[in-house]
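What follows is a set of notes on a single structure, which appears directly below.
The values are calculated or read from the model by the stated rules, or taken from the named source; none is laboratory data. Treat the numbers as computed from the prediction; the structure is a model and nothing was measured. Note: ideal-geometry Cβ built from the backbone for every residue, glycine included; neighbour counts use all protein chains shown.
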Amino acid sequence: MSMKKGQLKKAFNAPRLHVPHIDEIFSYTHPISGAKLLMGHMHKPVTTANGTTYDAPFVVAWVPPGRVNITQFSLYKHASVALKGYTRLRSHAHGPGPHSAFARDFQCATVYGWEARILDRGTPQLDDEAIENMIWRVADDFNMAAPAVKVDINPKLKHPSSFYVPDKHRIRMRDRGLSHVLHEVAHAIDMTINDNQWSAHGPSFVRTLLVLAERYQGFDQATLEKSARKAGIQIADLSDLKNLKPRAA
């Protein structure tokens, strides 16, 4: 018990940096997680957890989406050394680490609200066979036919009404709307093809959803993207998702 208290006290007392106080020099937004890799300069002293004080240090850090305070960062006395640290992290293909701050579903409510206004309106209702056929069709189009995506259709499911189970590669459906089916398949594609280990409704998921809405619902992707960005939703560029390539229609 005392160890847990000690760990909690250490976490609570960890040094924090207020991101708006950092003068940005370079930055890069990770297309899948939405996290921002930042190199910047502080104009006041900063003391680390081990008591070392840096006067006006250079900072390199991954900033979780929507956060203004960070506790995980590296400090440098010289810009040239900081740039090497920034470049090393920038070249790391897997983006930020597995810290829970990067997995926070930061735009879930916004995405749901936008979908309800745009994608769900007038969406056709599907019977069991049509739901299974649609999921299998999308899985085949995006090279997820092996291993096959499993489908459970259960009208008695409670909240959440439909969801994707990544460790079982299984979609469980209660809703019968085409847009809801595509939403869950988008999760399967995003986690398996885009390798999204972070926010469930992050930028790569939204791009995947737009691709599916255009291909299977007949929406114009550029129009959808403009609408979603206007709603404040982060969207990955298609060029950054190298494996999101459906077979020719």
Out of the stretch 45-68, which residues are surrounded by fewer than 15 Cβ atoms within 10 Å (Cβ to Cβ) and either assigned to a loop (DSSP other than H, G, I, E, B) or at pLDDT 95 or above (or both)?
-> P45, T48, A49, N50, G51, T52, D55, A56, G66, V68
Hey, can you tell me all the residues within the stretch 162-207 that are among the small types (G, A, S) and under 22 Å from K226 (Cα atoms)?
-> S179, A186, S199, A200, G202, S204
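Let's see how each residue does on (1) in a loop (DSSP other than H, G, I, E, B); (2) assigned by TED's automatic domain parsing to the domain that holds D120; (3) more than 15 Å from the chain's Cα centre (by Cα):
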{"position": "V206", "(1), (2), (3)": "no, yes, no"}
{"position": "L210", "(1), (2), (3)": "no, yes, no"}
{"position": "Y216", "(1), (2), (3)": "no, yes, yes"}
{"position": "I235", "(1), (2), (3)": "yes, yes, no"}
{"position": "R247", "(1), (2), (3)": "yes, no, yes"}
Y76 passes all but one of (1) in contact (Cβ under 8 Å) with a residue 12 or more places away in the chain; (2) under 26 Å from the mean Cα position of the chain (by Cα); which number fails?
-> (2)
Applying the selection to the stretch 93-123, what residues are touching a His at 6+ places or on another chain (Cβ under 6 Å), modelled with pLDDT under 95 and assigned to a helix (DSSP H, G or I)?
-> none
Considering (1) of a type outside the set (G, A, S); (2) closer than 17 Å to L182 by Cβ; (3) crowded, with 18+ Cβ neighbours inside 10 Å; (4) more than 20 Å from the chain's Cα centre (by Cα), say which one W114 fails and leave the rest.
-> (4)
Does L126 satisfy the condition of being outside the structural domain of S33 (by TED's automatic domain parsing) and modelled with pLDDT of 90 or more?
-> yes
